[in-house]
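Report on one structure; see the data block that follows.
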Amino acid sequence: MAIYHFEAKVISRGTGRSVVAASAYASCTQMYNDYDGVTHDYTRKQGNLYSEIFLPPNAPKEWQDRAQLWNAVEVAEKTKDSRLARELVVALPTELGIDNWKSMLNDFISEECTDKGMCADVNIHDTDGHNPHAHILLTMRPLDEKGKWQAKTQKEYLCRRGDEEMGFTSADFKAAQSEGWEKQYQYFVGKKKVYMTPSEAERNGYERASKNPKSTRYGRQNPICAEWNSEEQILRWRKSWEDVTNHALEQRNFAKRVDCRSFVDRGIDEQPTIHEGVTARIIEQRGGVSERCELNRQIRADNELLRKLKALVKTLEDAVKKTIPAIAATLESIRDKLIFAQYEIKHNENISAELTHDNIVIDIIMSNYNSVKNQIKQKSAEKKKLQSEQKTLSPLHIFKHKNLSEQIEALNEDITHLKDRKAILLGDMRCKSEDDVPKVKQRKKNNDISLKNIEARNAQLMEQNETDIAEYKEISNSIAPEDITAAREERRNIRNSNEKTLWKRLQERYGQKYKYDLLTSAESDIDKALGETLPRRRKSVRNDLEQKRQQSDTQSRKKHKRHEWER
C-alpha cells in the first residue's frame, strides 16, 4: 500500500562522491567524468523504468543530455569539498502505475524545481515490483538569464562609518559609499597591522600594509542559494510531495492517504521503523540476518503489542464508563452544567431588560431635553427681537412700549421656567451640566453594544444546551430497564452529597448579583427540558440556602443605606 518516504541528501566532493557517478547509477547508464577522468558504468544494473531531464527555460538545450549537464556542474565547482547536487528519494504508491507516477513527478518537478530555476534529473526504480521509488537529482547553483552559472557566494566587505561596521557586496558598496561608508585596509601602526578606513589613516599619516580590504570569511550567500538550502524549502518539498501523492490517489478513487508529519506531530504513540536499504535486504535474501531488518522486526512486534494494550485499556475504560455509578455521575454532571448555563441565560436576560429600559428612558428624557432646548432658543430669539424693536421705538408710543415690556416679561418667565425644566432633565440624566450630555449618548451606545454581546452569548449558550440535552438523553436512554431504579437511587445520593456545589459556584461567579430565585427557575426549566422527575433539592438544604440568601440581601441593603446616608 501507499507509504510516505521523502529523503533529501547532498552529493558533495567532501564525502568522496561524484554527481556524474550518482546520475549514471540512477539512470543505469555509462558516463565519463571530465573532472577526474573516471568512467562510471552501471549499464548492468536492473530496475530503471523511466528517465528524463527537466530544465528551466534559461538552461542550455544541450543539457538534455545528462552527461553534459552533470559534467557542466562538475566543471563549475572548483573546490575539493564542493556541494555538487541535491538528491531527493521519494516513495511512489504501489496502488498506481508508471503513467500515474510520471504525472506525479512531472507536477512536483514543474512546481517545486524547474519553476524556481533548478535543473532536475529524474529516474524511477522498481527492482522487485514492491518498492517503487524515484531518484531526483537537482542542481544547487542558480542560472542567470543567459544560462550561465551564478556564484553561490559573493565577497562581502566589512565597511565602517563612524563607530558602525556593516558588510556590503561590491554592488551594494557603490550606494553605501555615497552615504559615508568606507572599506577598511590594513595600515602599519608602529610594528602592528591595524584595520582602519583610508580617511582615518590619512589623518594620522599611516602607511597602507595591504591592498586587500577587510571582508567576511565566507562571504554572503546568494539569496537564491540561501532559499534552496533552507530548512523551510525541505519542509515545503515534503508537504508538496504529500499533496501530489494524495491528489493522485484521490483522482483514482483510492481511500488511502499519506502524511508527511512525524508520528510525534500526528500524536501517534508507536515507534517508527528505520530505513533498511538495499544492502540489508540483500543480506536477508541470502539467508543472513541484517541488524536493520532485525531492529524493524522488533519495532513492529513492539508496536503490535502496544496496539493490543491500548485496545485492552479502551475496553476497560468503556466498561467502567458503563457502570451504574459512572452513568449516574455523568448525568448529574451534565444536568449541573445545563443549570449553570441556564442561570447565566436568565441573568443575561435580566441585564438585557435593564439596559433596554435604560435606553428607553434615555430616549424619552433626551427627546424632552431637546424639545426644551429648542423652546428656549425660540423664545430667546423672540425676546431679542422684541427688545430690538422696543429700543428703536419712539418714546412717544407709550402704550406700545408698555405692550412690548409685558411681552418681554412673559417671555422671561417662560424662559426661566424652561431653564428650570432643563435643569431637572439634566438631573434625571445624572448630568451636572450640558457638557455631560455627550456621556449620556455614549452610555446609550455602550448599552447597544452590550445588548448585542448578550444576544450573541445567549445564542451560544442555548446552542450548547441543545447539544448537552441531546447527550443527556442519549446516555439516559442507554440505561437497561433493570438498572433504571438503581441509577435513580445513585443519582439521588450524588445530588444529595453535592447539592451545595452549584450554589457555591454561582456565588463565586456572580457575588452580590447572585439571586436564589433565578437558580430555582433555571432548575425548573432544565428539569422540564430533560423530563426530570427526581426531587431537585432537600427541603432542609433549600431552607439553608434561602437563609443564606436573605442574610446576603440584608447585608446588601445595609450597605446601600450607608452609601445613601454618606452621599
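The values are calculated or read from the model by the stated rules, or taken from the named source; none is laboratory data. These figures come from a predicted structure and were not determined experimentally. Here Cβ is always computed from backbone atoms with ideal geometry, including for glycine, and neighbour counts include all displayed protein chains. For accessibility, only protein heavy atoms count, side chains too; no ligands or nucleic acids. Shrake-Rupley method; radii C 1.70, N 1.55, O 1.52, S 1.80 Å.
How large is the Rg to Rh ratio of segment 348-507 when both quantities use alpha carbon positions and Rh follows Kirkwood?
Checking Rg against Rh, the ratio lands at 1.45.
Taking 0.36 nm per residue of sequence separation and subtracting the Cα-Cα distance, how much length would be gained by fully extending the chain between Met166 and Glu179, in nm to one decimal?
3.4 nm
Starting from the Cα-Cα distance between Arg203 and Ala381, subtract it from 0.36 nm times their residue separation and give me the gain in nm to one decimal. Walk me through the numbers on the way to the answer.
Details: separation 178, 0.36 × 178 = 64.08 nm, distance 8.33 nm.
Extra length available between Arg203 and Ala381 comes to 55.8 nm.
Report the label-to-label distance for Leu235 and Ala301 in nanometres (one decimal), using points 7 Å from each Cα along the Cα→Cβ vector.
Once both label points are built, they end up 3.8 nm from each other.
What does the convex hull of the alpha-carbon atoms of segment 16-101 project to on average, in nm²?
Averaged projected area of segment 16-101's Cα convex hull equals 6.9 nm².
Measure nothing but the geometry: give the 0 to 90° angle between the long axis through the Cα atoms of 324-392 and the longest principal axis through the Cα atoms of the chain, rounded to 10°.
The angle comes out at about 60 degrees.
Relative contact order for the chain using alpha-carbon pairs under 8 Å, separation at least 6, rounded to a whole percent?
It comes to 10 percent, rounded to a whole number.
Between Gln390 and Glu413, what FRET efficiency follows from the Cβ-Cβ distance if R0 is 25 Å, with the result rounded to 0.05?
Between Gln390 and Glu413 the formula returns 0.90.
Could you state the principal axis extents of the C-alpha atoms in segment 215-271, from the largest down, to the nearest angstrom?
58, 31, 11
Skip the ligands, DNA and RNA, and give the accessible area per residue of the chain with a 1.4 Å probe, whole Å².
62
From Cα coordinates alone, what are the radius of gyration and Dmax values for segment 258-364 in angstrom?
Taking only Cα atoms of segment 258-364, I get Rg and Dmax of 29.9, 98 Å.
Starting from segment 407-487, pick out the trypsin sites (Lys or Arg not before Pro) whose DSSP state is loop and whose Cβ has at most 16 other Cβ atoms within 10 Å.
Arg430, Lys432
With θ taken as phi - 60° and the coefficients 6.51, -1.76 and 1.60, list the Karplus ³J(HN,Hα) couplings across segment 419-433 in order, rounded to whole Hz; mark glycine and proline as x.
Here the 3J(HN,Hα) series is 5, 5, 4, 5, 5, 5, 5, 4, x, 4, 8, 6, 10, 7, 7 Hz.
Give a quick list of trypsin sites (Lys or Arg not before Pro) in segment 192-289 that DSSP marks as loop, anything other than H, G, I, E or B, with at most 15 other Cβ atoms within 10 Å.
Lys211, Arg217, Arg252, Lys256, Arg257, Arg261, Arg266, Arg286
Over the chain, with every protein chain in place, what whole percent of the accessible area is carbon and sulfur at 1.4 Å, could you tell me?
50
Taking the Cα atoms only, what angle lies between the long axis of helix 539-566 and the longest principal axis of the chain, rounded to 10 degrees?
Between the helix axis and the principal axis of the chain, the angle is about 70 degrees.
At 7 Å along Cα-to-Cβ for each site, give me the label-to-label distance between Arg488 and Asp115 in nm.
For Arg488 paired with Asp115, the spin-label model returns 6.8 nm.
Fully extended, how many nm does the chain gain between Glu466 and Tyr32 (0.36 nm per residue separation, minus their Cα-Cα distance)?
148.7 nm
Cα convex hull of segment 172-315: how many Å³ per residue?
326
Hey, what number do you get for the chain at 222 nm if only DSSP H runs of n ≥ 4 count, each worth -39500 (n - 2.57), divided across all residues, to the nearest 500? Provide the component values of the computation, followed by the final result.
Details: 16 runs with 325 residues, N = 567.
Computed ellipticity for the chain at 222 nm equals -20000 deg cm²/dmol.
From the phi of every residue in segment 52-57, what ³J(HN,Hα) in whole Hz does the Karplus formula 6.51 cos²θ - 1.76 cosθ + 1.60 yield, where θ is phi - 60° and glycine or proline is x?
Karplus values, whole Hz, x for Gly and Pro: 7, 9, 10, 10, x, x.
Could you order the peptides 17-25, 343-351 from most to least packed, using the average number of other C-beta atoms within 10 Å per residue?
Descending packing order for the listed peptides: 17-25, 343-351.
Using only C-alpha atoms and all pairs of different ones, pull out the Kirkwood radius for segment 444-536 in Å with one decimal. List each step's numbers first, then the result.
On the way: mean 1/r = 0.0625 Å⁻¹.
In segment 444-536 this quantity evaluates to 16.0 Å.
Report the accessible area of Lys513, computed with a 1.4 Å probe over the heavy atoms of all protein chains in place, in Å² rounded to the nearest 10.
Accessible surface of Lys513 is approximately 140 Å².
Per residue, how big is the convex hull around the C-alpha atoms of segment 309-369? Give it to me in cubic angstrom, could you?
Dividing the Cα hull volume of segment 309-369 by its residue count gives 78 Å³.
Between Glu156 and residues 5 or more places away or on another chain, which pairs have amide H atoms under 5 Å apart, with H built 1.01 Å from N, and which residues are they?
Under 5 Å from the amide H of Glu156 lie the amide H atoms of Thr216, Gly219, Arg220, each far enough along the sequence or on another chain.
Could you tell me which of Leu96, Val75, Ile109 has its Cα farthest along the dipole of segment 65-146 towards the positive end, charges placed at Cβ (Lys, Arg +1; Asp, Glu -1), taken about the Cα centre?
In segment 65-146, that residue is Val75.
Over the residues of segment 71-129, compute the C-alpha Rg and express it relative to 2.2 N^0.38 Å.
1.43
With 16 Å as the cut-off, how large is the P(r) tail for segment 352-398, expressed as percent of Cα-Cα pairs? Numbers along the way, then the final one.
Numbers: 667 of 1081 pairs.
For segment 352-398, the fraction of Cα-Cα distances above 16 Å is 62 percent.
How many percent of Cα pairs in segment 89-205 exceed 25 Å?
56
Rounded to a whole number, what is D in µm²/s for the chain from Stokes-Einstein with the Kirkwood radius over alpha-carbon pairs (10 °C, 1.306 mPa s)?
45
Return the sequence-ordered ³J(HN,Hα) values of segment 124-134 in whole Hz as given by the Karplus equation 6.51 cos²θ - 1.76 cosθ + 1.60 applied to θ = phi - 60°, using x for Gly and Pro.
Rounded to whole hertz, the list is 9, 10, 7, 6, 10, x, 10, 9, x, 7, 10.
Using a 7 Å offset from the Cα along the Cα-to-Cβ direction at both Asp269 and Asp448, what is the distance between the two label points in nm, to one decimal?
5.6
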